[in-house]
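Everything on this sheet refers to the single structure shown next.
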Amino acid sequence: MDQEVSDYLNTYLDIIIEYSDAMKESKFITAHLNREFLIYTGFRAITHIFQINYVYTNDLDTSFYSAQKAYIFYLEYLEQMEKTNMSHDLNYTDAIQFLYSKTITQLTPTENLKSVLKYARVSKLIDIILWSGGMRTLKKKTILNCFQVDYDTVLYCLEIAQLRKMDDTEYEAFLSDMYSTLKKHTCKDLDIQKIYKIRDLNDSLKLSTKQWCKWLITPH
């Protein structure tokens, strides 16, 4: 990972962690029947806002504060709808359009407009790491380590890991064990491996996370 992407990842994680904390502290969100949907909808909007701001401005501080402003607006919008007893009429598309209107519609591209691909790869992996039956609470270092090993192999491991029920403590241990294992080993023919691993999944679920990681990357 080059330094530019590393800086992007660090700043992006900072705003996502801040957003997650704000959602958990909101009485409105924690009491809402569709809280996971609301949190994920905001997460995706903030991700897009941060990414678009950075691609257009090449400024991480501006991108951070735009995303921060977006989640504050998002919470205020949802809470205001609840206070005025209009939550049953809430249109989530309108809510997201409102955020975009406040944070990205006035952007002017720089002369050296960036390619979005490498930042989209960051977003994709963060999405899979954090969302597994709800938004995970993880240490920033644990997440960053996932970007220090082969990207495609991490995706492969995480996709299969979604089939194993784990609380946050076990899941964090799994990510740490995955990182340690992948530092020493590589996995080839991932699509073929996935077919066999999913087929034999039930026989592996009693393994510890450390043993399970080794099982994931051991050729069939």
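The values are calculated or read from the model by the stated rules, or taken from the named source; none is laboratory data. Nothing here was measured: the structure is a model prediction, and the numbers come from that model. Cβ atoms come from the backbone with ideal geometry, glycine included; neighbour counts cover every protein chain shown.
Quick notes
- Subset of region 23-42 (residues that are closer than 21 Å to T142 by Cβ, hydrophobic (A, V, I, L, M, F, W, C) and surrounded by fewer than 17 Cβ atoms within 10 Å (Cβ to Cβ)): none
- Of all residues making up region 44-77, the number that are under 14 Å from the mean Cα position of the chain (by Cα) and aromatic (F, W, Y): 1
- Helices (runs of 4 or more DSSP H) contained in region 175-220 and holding at least 2 residues of a type outside the set (A, V, I, L, M) and touching a Phe, Trp or Tyr at 6+ places or on another chain (Cβ under 8 Å): 190-199, 209-217
- Any hit, region 162-172, residues being aliphatic (A, V, I, L, M) and assigned to a helix (DSSP H, G or I): no
- Criterion: under 24 Å from L38 (Cβ atoms), part of a helix (DSSP H, G or I) and either touching a residue at least 40 places away in the same chain (Cβ under 8 Å) or in contact with a helix residue (DSSP H, G or I) (Cβ under 8 Å, 6 or more places away or on another chain) (or both) - qualifying residue of V122, V154: V122
- Options T137, T142: the member that is within 25 Å of D7 (Cα to Cα), touching a residue at least 60 places away in the same chain (Cβ under 8 Å) and among the polar types (S, T, N, Q): T137
- Some residue of region 189-198 being modelled with pLDDT of 90 or more and either loosely packed, with under 15 Cβ neighbours inside 10 Å or of a type in the set (S, T, N, Q) (or both): no
- Every pair of residues 6+ apart whose Cβ atoms lie under 9 Å, when the first sits in region 163-175 and is under 18 Å from I126 (Cα atoms) while the second is among the aromatic types (F, W, Y): M166/F174; F174/W212
- Residue match in region 56-71 (condition: touching a helix residue (DSSP H, G or I) at 6+ places or on another chain (Cβ under 6 Å), surrounded by 19 or more Cβ atoms within 10 Å (Cβ to Cβ) and touching a residue at least 60 places away in the same chain (Cβ under 8 Å)): no
- Once region 128-151 is narrowed to residues that are over 14 Å from the mean Cα position of the chain (by Cα) and in a loop (DSSP other than H, G, I, E, B), the residue that is surrounded by the most Cβ atoms within 10 Å (Cβ to Cβ) is V149.
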